[in-house]
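**Q** Pasting a structure below so you can have a look.
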Amino acid sequence: MLLLYHTQGASAMTIQQCGMSIIGEISDTFAQIDGAQVEILIQKIRSAKNVFVIGAGRSKIMLEAFCMRLNHLGYNAFVAGNIPCPPAEKGDLVVAASGSGETPSIIAVLERLKKIGVDVFLFTASPNPIPKSTADIVLRIPAAYTLDGTGGCSRQLMRTLFEQIVFIIGEAIIQKMSGDIPAEQIIKRHTNVE
């Protein structure tokens with residue numbers, strides 16, 4: 001089914017109507033997320049020596065925000081490819097995002113890390129099977145997973161809905177995990193070099 005990204009008459013909508021349409025789509029999609037898998041991710045974060053995030057494009061940006069907040073909570077969290085970034089090893093966790101589930105650069109890294117025993121959690125919108133050689137746990141987000149709109153559905157461009165849901169899941173995890181940490185400790189970890 002070919003997806004038409006633009007809602008008919010969207011250009012005549014007010015900014016408030018466009019925004020509320022987006023919020024409604026996010027809310028409907030977020031309600032379908034498998035909360036049990038997110039709880040598993042939380043446990044894996046808590047038990048990991050280091051947490052790494054990896055994605056490409058906008059997916060990477062969403063995970064960078066999540067990584068920053070994990071550091072604010074006191075976790076050793078790194079963005080793959082950034083400086084500093086230590087090597088991943090057994091006992092570490094990689095949180096990855098690939099809307100298509102097929103991003104070559106991401107999949108190659110995940111497969112290499114799985115071979116050395118690193119736990120991998122993958123966010124994807126793809127309904128296609130993801131091999132165990134790529135990820136231990138796959139959280140599927142019901143959103144568009146192709147750039148041309150032929151896979152999945154959304155009222156928004158390309159994989160925007162997927163990226164928004166990845167960001168909100170990250171924020172929900174941080175909110176839940178920060179509940180037992182005094183605010184003063186979190187604030188102390190916020191940069192003062194800005």
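The values are calculated or read from the model by the stated rules, or taken from the named source; none is laboratory data. Small disclaimer: the values here were computed from a predicted structure and weren't measured. Note: ideal-geometry Cβ built from the backbone for every residue, glycine included; neighbour counts use all protein chains shown. Protein only, heavy atoms only, side chains kept; ligands, DNA and RNA dropped before computing areas. Shrake-Rupley method; radii C 1.70, N 1.55, O 1.52, S 1.80 Å.
**Q** Just for the stretch 167-194: of the residues that are modelled with pLDDT under 80 and of a type in the set (Val, Ile, Thr), which one is surrounded by the most Cβ atoms within 10 Å (Cβ to Cβ)?
**A** Ile186
**Q** Now a separate question. Could you list, in sequence order, all residues of the stretch 71-93 that are surrounded by 15 or more Cβ atoms within 10 Å (Cβ to Cβ) and either farther than 14 Å from Ile54 by Cβ or not acidic (Asp, Glu) (or both)?
**A** Quick first cut of the stretch 71-93, residues surrounded by 15 or more Cβ atoms within 10 Å (Cβ to Cβ) only: 71-73, 75, 77-80, 88, 92-93.
Hits for the stretch 71-93 are Asn71, His72, Leu73, Tyr75, Ala77, Phe78, Val79, Ala80, Ala88, Leu93.
**Q** So, in the stretch 19-78, how many residues would count as being in contact with an Asp or Glu (Cβ under 8 Å, 6 or more places away or on another chain), basic (Lys, Arg) and part of a helix (DSSP H, G or I)?
**A** 3
**Q** Keeping to the stretch 15-49, report how many residues are open to solvent by less than 50 Å² (accessible area, probe 1.4 Å), among the β-branched types (Val, Ile, Thr) and over 15 Å from Ile137 (Cα atoms).
**A** 2
**Q** Any idea which of Ala96, Ala12, Ala65 is at pLDDT below 95 and either open to solvent by less than 50 Å² (accessible area, probe 1.4 Å) or over 15 Å from Gly170 (Cα atoms) (or both)? Full working, then the answer.
**A** Numbers: Ala96 fails: at pLDDT below 95; Ala65 fails: at pLDDT below 95.
Matching residue, one of Ala96, Ala12, Ala65: Ala12.
**Q** I'm told Gly81 meets every condition in (1) part of a loop (DSSP other than H, G, I, E, B); (2) touching a Leu at 6+ places or on another chain (Cβ under 8 Å) except one. Can you identify the failing condition by its number?
**A** Every listed condition holds for Gly81 apart from (2).
**Q** I'd like to verify a number: residues in the stretch 40-79 that are under 17 Å from Thr124 (Cα atoms) and not aromatic (Phe, Trp, Tyr), how many?
**A** Final tally of qualifying residues: 14.
**Q** Shifting gears a bit: Scan Lys49, Lys60 and give me the residue that is over 15 Å from the mean Cα position of the chain (by Cα) and under 25 Å from Ser133 (Cβ atoms).
**A** Working: Lys60 fails: over 15 Å from the mean Cα position of the chain (by Cα).
Matching residue, one of Lys49, Lys60: Lys49.
**Q** Further question: For the stretch 101-122, which positions are open to solvent by less than 20 Å² (accessible area, probe 1.4 Å) and under 18 Å from Phe162 (Cα atoms)? It would help to see each step written out before you state the result.
**A** So the first thing to find is which residues in the stretch 101-122 are open to solvent by less than 20 Å² (accessible area, probe 1.4 Å), and the list is 101, 106, 110, 118, 120-122.
Passing the criteria: Gly101, Ile106, Phe121, Leu122.
**Q** Of the residues Thr103, Thr124, which single one is of a type in the set (Ser, Thr, Tyr) and out of contact with any strand residue (DSSP E or B) (no Cβ under 7 Å at 6 or more places or on another chain)?
**A** Details: Thr124 fails: out of contact with any strand residue (DSSP E or B) (no Cβ under 7 Å at 6 or more places or on another chain).
Unique residue meeting the criteria: Thr103.
**Q** Assess whether Ala108 counts as being among the aliphatic types (A, V, I, L, M) and touching a Gly at 6+ places or on another chain (Cβ under 6 Å).
**A** The answer is no for Ala108.
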